[in-house]
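J.: Have a look at this one.
Values in this text are rule-based calculations from the coordinates and carry no lab data. In this text the structure is predicted, and so the values were computed from the model without any measurement. Please note: Cβ atoms are built from the backbone with ideal geometry, for glycine as well, and neighbour counts cover all protein chains shown.
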């Protein structure tokens, strides 16, 4: 297992370097000059342009700029945003906990409902439940997020008044951010009702963000289960007289898990990159909107640094998925 | 959470220290501030969160108008040659305190000098802090304009200019001229945390900054020692950052906020019909225009430009592009700006006459480019759609139009070029409520190849605006700018399209809110009815 882990870790380095280069190049390939965008309709004089050009270091050749960026990254310095003038690192870690908290809730929600639903559908293949579930999953998968979120807000926040419209916490609660996770910070604050408020604020965004992963997980679980259920050893297990729960839950599900975990891993990776629509609609202070705004403003340090950090997170998730494969299927770790 | 509960439980704001009867005003702002030092930035969203609540300036814009009134300076005098501005400072004005800093003295001349020198002098220790590019200080040509700033005594400061410039006093009311504490700056420099000036602002303004959670909430508390007695009215001010306009509307309806800016134009009618919402409105301090390139034939001929202007159906544009949240423009400056010449009659929409005028000038089979901006602006919410309407209008008089567009940075750069092809859709939002800020910046000879997209340098117009620039008397300046607008109308370097109308939906319990023509959202005078 340790050798397996090491071999996975070694693939990290070239990927990391590649991501650094791509994130650096990507934003510079786009047309649009950050200085001109910053000046807007007013424009600026040639002398002023030249001054800012030097200040931002654009007068250096690209390889030198990249080298400066790379050595900065290796020393933990991702540069400073052109717009807010704050270190990219600080901005990222002010926002990332919000994205992480919401992503985790969404994926837990998706797994908690999607996985059992997929199993039940597979076991009851062709019956009403199966067909109803699969058509619902198709609807969920093709749901326009923006419309779905507004619909939920109008019904549950507007008409029924059950959930808050947006934000992470009622404004009456005010406490310092310790971890950046509202669920934890609200408990640490010791303020009555703060935790409940954090939960209430999470409900709608979790549902909206979890809808597509839920549908994907349910469908993937169902098809993986169907494949496994037709195997000989399942027939043997049934013939031995094992209870259906034991057959389906233990023998079948465990073997159906590999493709399901792959899908879950991919979903987590996507969610961590920030859910721009969900974050915008629910005024959720995460990294999705931050990245998109920065691309429009051609805020080079934020875009390249943010991409690098997000890619690193996704690589960590992939590594976790690889480790899980090894845990579930001994054949995989033995091969290495 | 309903506001009633919010107010009832305001006492829970332990850190904010609210009293039992404390009122909390919640503003659903449209975006996050870039920082809290206004001189570093140019965005209105940033100014709403920094210069308006936290700071004051030597002179201020009276809320709701573009008139300049005393602020931290009780009065000022201008020398006869227009080169010296002497400000008498208000005494006994206190700066805010926070957990890093408690002021040891009142506001005085040192604060004024620090405020400007850090933006101006490269050897000021704060000149490079936070990557300072001082966009507005430079953009308003302050380095060229100011010869020196002198401390006459603790409560008198003299600005000496290189040339007379009447708009200077309006510049002093702009956000970049917000007065910071020199004492706080020194303390933060000594502590090795100079960036705190931008992150934990200390000013003399109506509200004290408490905390900012990035992209989520900004909290302020009433400045109990505010120099303008009796203000502000509410104890706590909270900005709940809500980027989506539909969600802001839902929050306003649900009572999660009291005031929201920038509604969707499509929602405005429903808001007006809702008894739980009051919609305030005013024309914005902006203009959207189509600028011909007056250096290139046939657009160098004023009659051709005039004919094209008469072919544009502005009312259709207001209905379709602005969905009613705009007003047809006849002058290059908006009606909320002083010296707006209301006596001017707009060119009629008359395609037949337009076609005849073109024929008279010998123009047949003309085809041209119309540039459509790739971004949304208050003065033009949908440039592509506007360009299509103009295309159809011009087609009706036999002029072919090709619509072009570029990425925003490219667009700004290419459209400035003197030999640019075709007519450009663009606009302007006023900075300082001075007509010079529209007429000289956008139509003066200095702007050719830059902000003057019509590349229009017309001496009779230039003479008038240059004279107005060095005239101190407001009545005289008004007459000059009115004359400039007449010349503009005759020469027609642009088709003036529209001024936006700003809508501000507020809850009925909100009292004393005034829509500010300069675009700021200001809560100093706002109170909440029980």
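J.: Relative contact order, percent, of region B:104-199 when contacts are C-alpha pairs under 8 Å separated by at least 6 residues?
T.: Computed value for region B:104-199: 33 percent relative contact order.
J.: Then there is this: Would you work out the relative contact order for region A:123-234, in percent, from Cα pairs under 8 angstrom that are 6 or more residues apart?
T.: Relative CO of region A:123-234 lands at 32 percent.
J.: Moving to a separate point now. Decide, for region B:42-184, between rounded, prolate and oblate: order the square roots of the alpha carbon gyration tensor eigenvalues as a ≥ b ≥ c, take rounded if a/c falls under 1.5, and otherwise choose prolate if a/b is larger than b/c, else oblate. Mind dumping the intermediate values first?
T.: Values: a/c = 1.27, a/b = 1.20, b/c = 1.06.
Rounded shape, in that the Cα axes give a/c under 1.5.
J.: Nearest 5 is fine: what % of DSSP beta bridges in the protein assembly as shown come out antiparallel, could you say?
T.: Percentage antiparallel, nearest 5: 80.
J.: Here is a further query. Between region B:483-500 and region B:316-351, what's the alpha-carbon centroid distance in Å?
T.: Using only Cα atoms to place each centre, the spacing works out to 10 Å.
J.: Shifting gears a bit: Starting from the Cα of residue A:331, step 7 Å along the direction of its Cβ; do the same at residue A:28; then give the gap between the two resulting points in nm.
T.: 4.7
J.: Say each of residue B:353 and residue A:320 gets a label point 7 Å from the Cα, pointing the same way as Cα to Cβ; how far apart are those two points in nm?
T.: 7.1
J.: Can you give me the C-alpha center-to-center distance between region A:230-298 and region B:40-111, rounded to a whole angstrom?
T.: Each part's Cα centre sits 56 Å from the other's.
J.: Taking R0 as 25 Å, what FRET efficiency do you get between residue A:128 and residue A:254 from their Cβ-Cβ distance, rounded to the nearest 0.05?
T.: My answer for the efficiency is 0.35.
J.: Multiply the residue separation of residue B:84 and residue B:479 by 0.36 nm, subtract the distance between their alpha-carbon atoms, and state the gained length in nm to one decimal.
T.: 139.8 nm
J.: Working from Cα positions, state the angle (0 to 90°, nearest 10) between the long axis of helix A:300-328 and the longest principal axis of chain A.
T.: Long axis of A:300-328 versus the principal axis of chain A: about 20 degrees.
J.: Helix B:302-311 against the longest principal axis of chain B: what's the angle in degrees, Cα atoms only, rounded to the nearest 10?
T.: 80
J.: Could you work out how far apart the two model spin labels at residue B:346 and residue B:224 are, taking each label as a point 7 Å from the Cα in the direction of the beta carbon, and quote it in nm?
T.: 5.3
J.: Once the piece of chain linking residue A:266 and residue A:136 is laid out straight, how much longer is it, given 0.36 nm per residue of separation minus the C-alpha distance between them?
T.: Between residue A:266 and residue A:136, full extension yields 44.6 nm more.
J.: If we count other beta carbons within 10 Å of each Cβ, what is the order of A:280, B:115, fewest first?
T.: Ascending Cβ contact count within 10 Å gives the list A:280, B:115.
J.: At a 10 Å Cβ-Cβ cut-off, how would you order A:90, B:215, fewest neighbours first?
T.: Arranged by neighbour count, lowest to highest, A:90, B:215 become A:90, B:215.
J.: Can you give me the angle between helix A:12-29 and the longest principal axis of chain A, using Cα atoms only, in degrees from 0 to 90, rounded to the nearest 10?
T.: 50
J.: Give me the extension gain from residue B:62 to residue B:117: residue separation times 0.36 nm, minus the current Cα-Cα distance, reported in nm with one decimal.
T.: Contour length minus the Cα-Cα distance gives 17.2 nm.
J.: Hey, with R₀ at 22 Å, roughly what FRET efficiency would residue B:98 and residue A:93 work out to, going by the Cβ-Cβ distance, to 0.05?
T.: Efficiency for this residue pair is about 0.45.
J.: Here is a follow-up. Return A:186, B:141, A:223 ranked ascending by Cβ neighbour count within 10 Å, so the fewest neighbours appear first.
T.: Going from sparsest to densest Cβ surroundings: B:141, A:223, A:186.
J.: Shifting gears a bit: Counting each DSSP H run of 4 or more residues in the protein assembly as shown as -39500 (n - 2.57), what helix-only mean residue ellipticity at 222 nm follows after dividing by all residues, to the nearest 500 deg cm²/dmol?
T.: Helix-only estimate at 222 nm: -14000 deg cm²/dmol.
J.: Counting pairs of alpha carbon atoms under 8 Å apart in space and at least six apart in sequence, what relative contact order in percent does region A:178-336 give?
T.: After rounding, I find 18 percent.
J.: Using the beta-carbon distance between residue B:296 and residue B:445 and R0 = 25 Å, what value does 1/(1 + (r/R0)^6) give for FRET efficiency, to the nearest 0.05?
T.: With R0 = 25 Å, the Cβ-Cβ based efficiency is 0.90.
J.: Label point 7 Å out from residue B:418 along Cα-to-Cβ: which residues of region B:281-307 have amide N under 18 Å?
T.: So the set is B:292-301.
J.: When a/c is below 1.5 the answer is rounded, else prolate if a/b is larger than b/c, else oblate, so apply that to the protein assembly as shown with a ≥ b ≥ c taken from the square roots of the Cα gyration tensor eigenvalues.
T.: Cα axes put the protein assembly as shown in the prolate bin.
J.: Using alpha-carbon positions, what is the distance between the centroids of region B:186-258 and region A:1-61, in Å?
T.: Between the Cα centres of region B:186-258 and region A:1-61 lies a distance of 33 Å.
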